[in-house]
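Notes follow once the structure below has been shown.
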Amino acid sequence: MNLYDVYSLYDVTPVKGRGSYVYDEAGTEYLDFYGGHAVISVGHSHPHYVKTISEQLQQMGFYSNSIVNPLQQELADKIEKLSQVKGYDLFLINSGAEANDNALKLASFHNGRTKIIALENGFHGRTSAAINVTHTGQKYQAPINHGVDVSYYHYEDIDSIITEIHRGETAGIIIEAIQGIGGLDSISNQALEQIAAACTATDTVLIMDEVQCGYARSGDFFAYQTSSIQPDIITTAKGMGNGFPIGGVLINSNKIPAVKGRLGTTYGGNHLACAAGIAVLDIIESEDLIANAQRVGALLQELLADLPGVKAVKGRGLMIGAEFDYPVADLRKQLVFEQQLFTGSAANANLLRILPALNINENHLDQFESKMKKALSNYKIPA
Ligand SMILES: Cc1ncc(COP(=O)(O)O)c(C=O)c1O
């Protein structure tokens, strides 16, 4: 049986990962500054992560959501402690798209409306409602995905967003505080605060999509936390499981109380997924990774700004975009095959997306700098 051919692949076969390195079949070492689309938060095969998941598997890997699973509560308590958010309940799911689909559904359940506001260049996933509100994924929307009435606005077009919310017809607005796939642009705190006020006035649900920018990546637990807003719903995934599929929907349960049967999943919140999620938070806490993302992220941003051809450095913490004055697709290939360095792309073709593990140090930065400088020193800018 062939694999359904939907992915464009690099001809590399990593078979082992340790910390911020992966190794192919021949044992060649690659420096991983991308974490498989922002997923690797605490490093590949971190010993505490491996131990926690292995021990859980010896006990029990899975049972359904019709029994008591104390690991779910432990995970919820740890998220609350590390993020310092208050007043949210946790619904566990398996991926970012599912988290957003459930968030959009809750918004519509809450006020009975069907319209959604989303931002241009946003990305929210590939499931039905999530792909429908994804501006960067319009070419991936099948006719069956066109069920949601979505208005897209530029992240700086606040007046239009506020006017639209005040019509009182919108179920919810979904926002990435720092856009990932779109290209690392950030909505301002002031804009977020104005949007939150308009949402409160009109009973519109404010959903912050923290799937990529959340979980300490930006140097705050959630990227929106540099503002004073309290979103109605926060969605999370990616770094939450360090590769184990898990996602979460944090819901302001005073505003949107739980109703039995309204949401559900077979696998979401299973024992192994919770063990992975708990181990990630243990490591974020014990290795002080929120502070590390701030500190090392600032150094990385300085380093990038000094590289030849870089015209802007965007993002915060360890969620960084280096914008060149030419398209970077060929450069990325050269980085993989000649410098053994993984980086990412974005909808902005000139932008290199850099999303290393949250526990990188100066030594990793030195290696990254040397590989980048070598690649750029003999790089022929594509015509
Ligand atoms: C901001 C954001 N939201 C949602 C998603 C979808 O997550 P998943 O691929 O886990 O469904 C992504 C994936 O890249 C993302 O970056």
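Read the figures in this text as sums done on the coordinates, not as results from a lab. For clarity, every value in this text was computed on a predicted model and none was experimentally measured. Methodologically, a virtual Cβ is constructed for each residue, glycine included, from the backbone with ideal geometry; neighbour enumeration extends over all protein chains shown.
See the values below:
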{"read-out": "Shape of segment 166-231, Cα gyration tensor, a/c cut at 1.5", "value": "prolate"}
{"read-out": "Extended-chain gain in nm, criterion 0.36 nm per residue less alpha-carbon gap, GLU338 and ASN254", "value": "24.8 nm"}
{"read-out": "Gained length - SER8 relative to LYS311, 0.36 nm times residue gap less alpha-carbon distance", "value": "106.3 nm"}
{"read-out": "Added length on full extension, which subtracts the Cα-Cα distance from 0.36 nm per residue, ASP89 to SER64", "value": "7.1 nm"}
{"read-out": "Unit charges on C-beta of K, R, D, E only; dipole of the chain, Debye", "value": "460"}
{"read-out": "Overall form of the chain per C-alpha gyration tensor (a/c, 1.5; a/b vs b/c)", "value": "oblate"}
{"read-out": "Spatial separation of Cα centroids for segment 12-90 and segment 308-383, in angstrom", "value": "25"}
{"read-out": "Long pairs among LYS139/LYS314; LYS51/LYS78; LYS314/LYS373, criterion Cα-Cα beyond 21 Å", "value": "LYS139/LYS314"}
{"read-out": "Taking LEU358, LEU331 and counting other C-beta atoms within 10 Å, the order from fewest to most", "value": "LEU331, LEU358"}
{"read-out": "The chain: calculated mean residue ellipticity at 222 nm from DSSP helix runs of at least 4, using -39500 (n - 2.57)", "value": "-11000 deg cm²/dmol"}
{"read-out": "Fewest-first sequence of CYS199, CYS213 by Cβ atoms within 10 Å of each Cβ", "value": "CYS199, CYS213"}
{"read-out": "Mean separation of Cα contacts under 8 Å (6+ apart) over length of the chain, as relative contact order %", "value": "22"}
